[in-house]
1. Using a 7 Å offset from the Cα along the Cα-to-Cβ direction at both residue 58 and residue 236, what is the distance between the two label points in nm, to one decimal?
2. Which of 67, 44 comes first, and how do the rest follow, when ranked by fewest Cβ neighbours within 10 Å?
3. Under 8 Å for C-alpha pairs, at least 6 residues apart: give me the relative contact order for the chain, rounded to a whole percent.
4. With the crude spin-label approximation of a point 7 Å out along Cα→Cβ, what separation in nm comes out for residue 66 versus residue 41?
5. By how many nm would the segment from residue 8 to residue 244 lengthen if fully extended, with 0.36 nm per residue of separation less the alpha-carbon distance?
6. Sort 224-230, 36-42 by the packing proxy (mean of other Cβ within 10 Å over each peptide's residues), most packed first.
7. So if each residue of separation counts as 0.36 nm, and I subtract the Cα-Cα distance between residue 82 and residue 123, what length gain in nm does that give?
8. Can you give me the Cα centroid spacing of the stretch 9-76 and the stretch 87-125 in angstrom?
């Protein structure tokens, strides 16, 4: 055996854990299914069949002692952490190459699960620099560019706080879009030289579900039509939630200002 593990359930758990971590950190469905099958073969399972969408993984395989096993795993939240995806890919290659100790595998998985690729300072800096240059790219002045920075910092702060209480990205996007629209309109009211529309465009780019949209196209091209349609629908709903937050604040503030 490639791995000296006596308990079939432990092997399946490792396979599903890695698949879940890949999917929940932004990996496309085709990568998740391919990695899952390769891990099953490494553990000497046979006839591995896996079906993954953006909310679940269903795995059916035949164990070395000819027992047919089916397991399912529910995915409740998908974020974007491509560094973890890369580390999980490296771990999968090690397993397929002969990594034998289950304790070592679980320790590696726990390290990857707990890792934070960027410090809070770097995340705030990334938000600020991205929003400012998006504002400049879409035609904003240097004053608009500077004013977009504190809005981006506020967006990051609100997003971190929301993550502690809410797991619904649509609700998050409505709140975040409303906050940035409110701050942009207030800024234009206080400083008429500013252009609220360009500031909003620059900051709202931080919320656009670009990875989800690209993954949906990739899934459909690779033949995973169901997953691609679901991911596309999720991206559209998230974009719609951004528009709802913007329109709600604009409708109210437009009458007051």
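1. 2.4 nm
2. If I rank by nearby Cβ atoms, fewest first, I get 67, 44.
3. 18 percent
4. 2.4 nm
5. Using 0.36 nm per residue and subtracting the Cα-Cα distance, I get 80.1 nm.
6. My ranking of the peptides, most packed first, is 36-42, 224-230.
7. Extra length from residue 82 to residue 123 when fully extended: 13.3 nm.
8. Comparing the Cα centres of the stretch 9-76 and the stretch 87-125, I get a distance of 18 Å.
No lab work stands behind these numbers, since they all come straight from the coordinates. These numbers were taken from a predicted model, which means no experiment stands behind them. Note: ideal-geometry Cβ built from the backbone for every residue, glycine included; neighbour counts use all protein chains shown.
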